[in-house]
Amino acid sequence: MSNRIELERSYILNEVEEKRIMEKIKQERFKLVSEEVEEDTYFSDEDLYFVKNRICLRTRKINDNYLELTYKPKSTEETEKYGKKEVNIELNVKDHEDIKYIIKQLGYIEYVSFKKHRTTYTKTINGIERNIMLDELKGIGKFIELEVLSEKEDKQKMLSELENFINEFECQNLGRKQMPYRDIAKKYEESLK
């Protein structure tokens, strides 16, 4: 089980900006960590309280060889600014369908499921992990997520680190991703009906 505080910001990425970002990643010597296909399945209650309050109950299967169950509590004004606790529990990937079955039997519904291609780069500076995730959701578009992670809870320092990170990569001029991937994928799914 992993408990950590994370702060992140996400932006819409176009081809020109993607090339600029890749050059900056190389220049700043970020390390390529992984290239993965993540299959996310989000769950909610029948009244969609989880969706309305940005509560995350999710299974994530990565490259068909790793599975985790993630829970993030209700978002508040403070957590939107400073981040919130995230709990990840590693599970046996062979149990993916059974885990989803159990969650549904507990009364939750499968809200949306989608796959995304994610390339992750990382660098640790002053004890704070900086991650850059380049994401592509087929049919939807490309995004960049800048994230700072720490086991410590110095939230103000982390917020300052995130702002510096954003400025260094000049992402403040990109369009902000206004919704979580869960909601973007659901909106896209509904547009296909």
* **Of residues in the range 113-127 being more than 15 Å from the chain's Cα centre (by Cα) and of a type outside the set (D, E, K, R), the one surrounded by the fewest Cβ atoms within 10 Å (Cβ to Cβ)** => ASN126
* From GLU15, GLU8, which residue is acidic (Asp, Glu) and either within 19 Å of the chain's Cα centre (by Cα) or surrounded by 14 or more Cβ atoms within 10 Å (Cβ to Cβ) (or both)? -> GLU8
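I need the strands (runs of 3 or more DSSP E) fully contained in the range 95-193, keeping only those with at least 3 residues that are out of contact with any Ser or Thr (no Cβ under 9 Å at 6 or more places or on another chain) and at negative phi. Before you say what the answer is, go through the steps one by one.
On the way: elements: 109-125, 128-137, 141-150.
Hits in the range 95-193: 109-125, 141-150.
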* Asked: Restricting the search to the range 167-193, which residues are in contact (Cβ under 8 Å) with a residue 40 or more places away in the chain and either over 17 Å from LYS116 (Cβ atoms) or touching a helix residue (DSSP H, G or I) at 6+ places or on another chain (Cβ under 9 Å) (or both)?
  -> GLU168, PHE169, GLU170, CYS171, LEU174, GLY175, ARG176, LYS177, ARG182, ASP183, LYS186
* Please name all residue pairs, on different chains or six or more residues apart, with Cβ atoms under 8 Å, provided the first residue is in the range 22-33 and is under 13 Å from THR119 (Cβ atoms) and the second residue is of a type in the set (Lys, Arg). => PHE30/LYS123; PHE30/ARG130; LYS31/LYS123
* Selection from the range 128-144 of residues that are in contact (Cβ under 8 Å) with a residue 24 or more places away in the chain, of a type outside the set (Val, Ile, Thr) and surrounded by fewer than 19 Cβ atoms within 10 Å (Cβ to Cβ) -> LEU137, GLY139, GLY141, LYS142
* **Identity of the residue in the range 151-166, in contact (Cβ under 8 Å) with a residue 40 or more places away in the chain and either under 21 Å from ARG60 (Cβ atoms) or among the hydrophobic types (A, V, I, L, M, F, W, C) (or both), that ends up surrounded by the fewest Cβ atoms within 10 Å (Cβ to Cβ)** => GLU151
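Each value in this text was obtained by applying a stated rule to the coordinates, not by laboratory testing. Everything quoted here is computed from the prediction, not taken from an experiment. Note that we place each Cβ from the backbone using ideal geometry, even for glycine, and neighbour counts take in every protein chain shown.
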